[in-house]
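The values are calculated or read from the model by the stated rules, or taken from the named source; none is laboratory data. Because the structure is a prediction, the values reported are computed rather than measured. Here the Cβ is made from the backbone with ideal geometry for all residues, glycine too, and neighbour counts use every protein chain on show.
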Amino acid sequence: MNRRRFLRTAGIASLGMGLSGRALAYGKELEESEWMKINGLTRLVILHTNDMHSHLEPFSEQDPKYPGQGGMARRAALIQKIRDEGHATLVLDAGDVFQGTPYFNLFKGEPEFRLMSAMGYDVGTLGNHDFDNGIDGLANMLPHANFPLINANYRFEETVLSGLIQPYRIVRRGKLNIGIIGVGVDLQGLVSPALTGKLSYQNPIPIVQDLAHRLRSDYSCQCVILLSHLGYSYKNDQISDLIVAEQTDGIDVIIGGHTHTFLDRPTPVKNKSGQMVLVSQAGWAGLRLGRLDLTFSPKGQVQNFDSSLNEISKKTIGF
Amino acid sequence: MVRLIYILSLGSFAFIFGGIQSCSSPLKLVQSEGSYITLTTSAEDSTVALLLNPYKDSVQKSMGKVLCSSEEALPKIKGEAETALGNLMSDIVLNEGQKMHKEVQLSVLNLGGIRASLPQGNIRLGDVYSLMPFDNRIVLIRLGKKEIHEMVQYIGNHLGTPFSGMALRCREGNWLGEIQGVSAEASDSILVATSDFLAQGGDKMNFFLKGRIVHDQGKLLRESIVDYLISIDSKGQRLSKALDYRIQPCTTP
């Protein structure tokens with residue numbers, strides 16, 4: 001979006017609320033950080049990928065669909081550039097890091113995890129292809145990742161991953177407690193039973209619902225993110241991100257994968273309590289980086305913000 | 001309760017939360033917006049690039065071998081009944097299967113198993129690894145009458161499923177298979193070449209679970225593709241694959 005325009009109009013709109021009068025009295029445009037400070041706002045930037053499928057390098061210039069696109073070293077530079085904006089930043093991956101280029105055949109996932117670690121990924125979840133070298137193959141690669149992989153709806157107790165994969169992770173950024181829950185797709189028909197061994201799948205919906213409530217009530221999380229490899233949506237009734245969004249509450253954002261979905265913009269879904277959940281997915285192969293900007297306000301400012309944003313949209317789209 | 005507001009500038013999206021969620025800390029989520037940044041030509045992070053280099057050298061060394069040249073790019077496409085790349089792969093598997101057992105009449109693969117496009121011009125070993133990264137083997141399965149019917153309907157109802165050796169036609173909402181002019185479903189049994197992934201019921205091809213495995217130690221699919229590409233190059237040919245309309249989807253009146 002056009003951030004300068006946003007800020008300028010937001011500044012003007014806020015004038016009516018008496019929040020940024022001083023800055024405008026001097027006739028200057030507000031810098032974003034200044035505007036946020038005046039309004040007491042906190043910003044969290046979530047950067048996300050999914051279904052990287054071992055695409056460490058950009059696609060070749062001869063590729064008929066994505067010539068010259070993607071690449072982890074470029075993504076690392078972009079992530080750093082966004083970090084330099086100075087907001088609290090989270091970098092997440094929604095699974096299927098493994099399998100898809102010779103890198104995985106030759107090195108079994110080592111460079112994928114090492115590069116993600118160097119780029120500062122905070123949390124990842126498991127996709128079906130992360131089991132392509134079996135549970136042992138995945139367990140052997142975990143030492144190369146300096147970030148946790150989380151999943152709440154697979155049972156690992158009788159496998160070598162027992163104790164290595166936690167259901168959720170809480171990340172603190174300043175005063176913000178962010179709860180992140182991991183969920184994965186039913187592996188039946190996707191991964192050979194010989195590879196998954198005694199791992200079993202459970203319906204993610206009741207698990208997500210329970211954890212979302214607990215993260216808010218017991219762990220004071222003001223933001224709960226679902227990191228999902230369930231898939232964006234299906235023609236049949238298979239559990240998808242859109243279905244989980246509708247049938248639960250307490251989740252603010254779903255970062256998805258599996259269906260390699262390219263969205264024009266994240267999809268807003270009304271949850272079972274009438275609140276909005278933002279569902280996002282960033283294609284595949286590291287072709288894109290998804291970016292969500294969440295703004296948090298201290299008590300009592302919701303109404304102000306609402307009206308100022310109304311003003312902005314009037315000015316921006318002219319209704 | 002919740003008001004939705006779009007900010008229509010440069011494809012971004014924003015909305016605000018009218019609802020107040022209970023939590024013990026005063027910070028509340030009041031706005032979220034999102035967008036996607038496509039990675040095209042832009043700066044590289046030198047630390048990450050350096051970390052990648054030794055792996056990259058190794059991949060280039062072992063995967064850089066040119067197998068053949070292609071007349072045109074063969075893209076990975078979803079949503080089409082038939083694709084040149086699907087035809088290429090299923091034709092190769094049928095041919096390999098027939099070398100394993102002379103009664104093999106058909107090959108069936110899955111669209112999800114096509115993982116990348118093939119470029120125009122030089123095709124390198126690495127391109128075939130990207131196309132078929134899995135270590136799946138060719139398996140021969142004998143299907144009975146009932147399973148043949150299920151297979152024909154499955155292929156018709158999952159458009160883009162690569163297959164070879166059969167013509168598929170839609171008649172009044174039903175799919176009919178023909179092998180060399182004879183109805184597939186009239187046969188008591190057919191020997192099919194497929195992958196071990198599908199033989200184990202992958203992609204819900206459950207008809208394979210009910211068949212009888214005749215041979216489960218065929219070549220790797222990838223190896224078969226590599227061998228084929230080398231063979232056409234050694235004959236001085238370039239890779240070229242056209243649609244042959246082996247499937248004719250139902251036409252809407």
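Based on this model, can you work out whether A:ILE251 counts as assigned to a loop (DSSP other than H, G, I, E, B), buried (at least 16 other Cβ atoms within 10 Å of the Cβ) and within 11 Å of chain B (Cβ to nearest Cβ)? For A:ILE251, the condition - assigned to a loop (DSSP other than H, G, I, E, B), buried (at least 16 other Cβ atoms within 10 Å of the Cβ) and within 11 Å of chain B (Cβ to nearest Cβ) - is met.
Conditions tested, residue by residue: (1) surrounded by fewer than 24 Cβ atoms within 10 Å (Cβ to Cβ); (2) among the aliphatic types (A, V, I, L, M); (3) in a loop (DSSP other than H, G, I, E, B); (4) more than 14 Å from chain B (Cβ to nearest Cβ).
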residue: A:LEU92; (1), (2), (3), (4): no, yes, no, no
residue: A:TYR103; (1), (2), (3), (4): no, no, no, no
residue: A:GLY124; (1), (2), (3), (4): no, no, no, yes
residue: A:ASP136; (1), (2), (3), (4): yes, no, no, yes
residue: A:LEU142; (1), (2), (3), (4): yes, yes, no, yes
residue: A:PHE147; (1), (2), (3), (4): yes, no, yes, yes
residue: A:GLU157; (1), (2), (3), (4): yes, no, yes, yes
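Among the residues of segment A:105-122, those that are under 17 Å from the mean Cα position of the chain (by Cα) and either in a helix (DSSP H, G or I) or aliphatic (A, V, I, L, M) (or both) comprise A:MET116, A:SER117, A:MET119. Against the test of being more than 25 Å from A:ILE255 (Cβ to Cβ) and at pLDDT below 95, the options B:GLN60, B:GLN31 yield a single qualifying residue, B:GLN60. One residue stands out among those in segment B:190-214 that are in contact (Cβ under 8 Å) with a residue 12 or more places away in the chain and of a type in the set (S, T, N, Q): the one that is surrounded by the most Cβ atoms within 10 Å (Cβ to Cβ), which is B:THR194.
For segment B:96-119, state whether one or more residues are touching a helix residue (DSSP H, G or I) at 6+ places or on another chain (Cβ under 7 Å), of a type in the set (Ser, Thr, Tyr), more than 14 Å from chain A (Cβ to nearest Cβ) and surrounded by 15 or more Cβ atoms within 10 Å (Cβ to Cβ). So far as segment B:96-119 goes, yes, one or more of its residues are touching a helix residue (DSSP H, G or I) at 6+ places or on another chain (Cβ under 7 Å), of a type in the set (Ser, Thr, Tyr), more than 14 Å from chain A (Cβ to nearest Cβ) and surrounded by 15 or more Cβ atoms within 10 Å (Cβ to Cβ).
Which of (1) out of contact with any Pro (no Cβ under 6 Å at 6 or more places or on another chain); (2) more than 14 Å from chain B (Cβ to nearest Cβ); (3) farther than 22 Å from A:LEU47 by Cβ does A:ASN153 not meet, given it meets every other one? Only one criterion is unmet by A:ASN153, namely (1). Restricting B:LYS61, B:LYS56, B:LYS65 to those that are in contact with a strand residue (DSSP E or B) (Cβ under 8 Å, 6 or more places away or on another chain), over 24 Å from B:ASN110 (Cα atoms), within 12 Å of chain A (Cβ to nearest Cβ) and charged (D, E, K, R) reduces the list to B:LYS65. Going by what's in this entry, would A:SER217 be described as over 19 Å from B:GLY34 (Cβ atoms), within 12 Å of chain B (Cβ to nearest Cβ) and at pLDDT 95 or above? Against the criterion (over 19 Å from B:GLY34 (Cβ atoms), within 12 Å of chain B (Cβ to nearest Cβ) and at pLDDT 95 or above), A:SER217 qualifies. A residue that is modelled with pLDDT of 95 or more, in a strand (DSSP E or B) and either closer than 19 Å to A:HIS53 by Cα or touching a helix residue (DSSP H, G or I) at 6+ places or on another chain (Cβ under 8 Å) (or both) occurs nowhere in segment A:202-214. When you check A:ASP237 against the structure, is it over 25 Å from A:ALA88 (Cα atoms), buried (at least 22 other Cβ atoms within 10 Å of the Cβ) and more than 10 Å from chain B (Cβ to nearest Cβ), yes or no? Criteria not met by A:ASP237.
The number of residues in segment A:166-197 being assigned to a loop (DSSP other than H, G, I, E, B), at pLDDT 95 or above and out of contact with any helix residue (DSSP H, G or I) (no Cβ under 7 Å at 6 or more places or on another chain) comes to 1. Out of curiosity, is A:SER54 surrounded by fewer than 20 Cβ atoms within 10 Å (Cβ to Cβ) and of a type in the set (Gly, Ala, Ser)? Answer is no for this residue. In segment A:263-289, the qualifying residues are those that are assigned to a strand (DSSP E or B), surrounded by fewer than 24 Cβ atoms within 10 Å (Cβ to Cβ) and more than 8 Å from chain B (Cβ to nearest Cβ), and the one that is farthest from the chain's Cα centre (by Cα) is A:VAL269.
There is no residue in segment B:163-174 that is crowded, with 19+ Cβ neighbours inside 10 Å, at pLDDT below 95 and in contact with a Gly (Cβ under 6 Å, 6 or more places away or on another chain).
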